[in-house]
1. With each pseudo-label sitting 7 Å past Cα toward Cβ, what's the residue 47-residue 59 distance in nm, one decimal?
2. Taking 7 Å along the Cα-to-C-beta vector as the label spot, tell me the residue 35-residue 69 distance in nanometres, rounded to one decimal.
3. Hey, what's region 1-61 come to in accessible area per residue, 1.4 Å probe, Å²?
4. Can you list residues from other chains, or at least 5 along the same chain, whose modelled amide H is less than 5 Å from the amide H of residue 50?
Amino acid sequence: LVFFRCFGPKCGGCGEGIHPQDFVRKARDKVYHLRCFTCSLCSKQLSTGEVLYLQPGDDTFVCKEDYLKTHQGEKTIVKIRVT
């Protein structure tokens with residue numbers, strides 16, 4: 001466990017280590033604990049296969065519902081799919 005704490009992958013949300021037995025979500029080039037992979041506006045936990053949007057500059061995620069409510073007509077957010 002000490003090895004993973006020091007040298008293992010880090011969560012893209014909280015920055016803490018990811019242990020081999022942890023369940024994770026991957027988006028783009030980062031890995032997240034399930035509890036950390038949430039919409040930055042409503043805190044909804046995001047799921048595999050769900051469409052979400054990446055806010056430029058701060059690399060936070062927005063669920064599709066909040067994106068549609070707050071960014072109608074804008075093209076500044078990148079759409080990605082969770083794997």
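The values are calculated or read from the model by the stated rules, or taken from the named source; none is laboratory data. What you are looking at is a predicted structure, and each value in this text was computed from that prediction instead of being measured. Positions of Cβ are generated from backbone atoms using ideal geometry, with glycine treated the same way; all protein chains shown enter the neighbour counts. Accessible surface is based on the protein model in full, side chains and every heavy atom, while ligands, DNA and RNA are left aside. Shrake-Rupley method; radii C 1.70, N 1.55, O 1.52, S 1.80 Å.
1. According to this spin-label approximation, the distance is 2.7 nm.
2. 2.5
3. Using a 1.4 Å probe on heavy atoms only, each residue of region 1-61 averages 63 Å².
4. Here 82 satisfy the definition.
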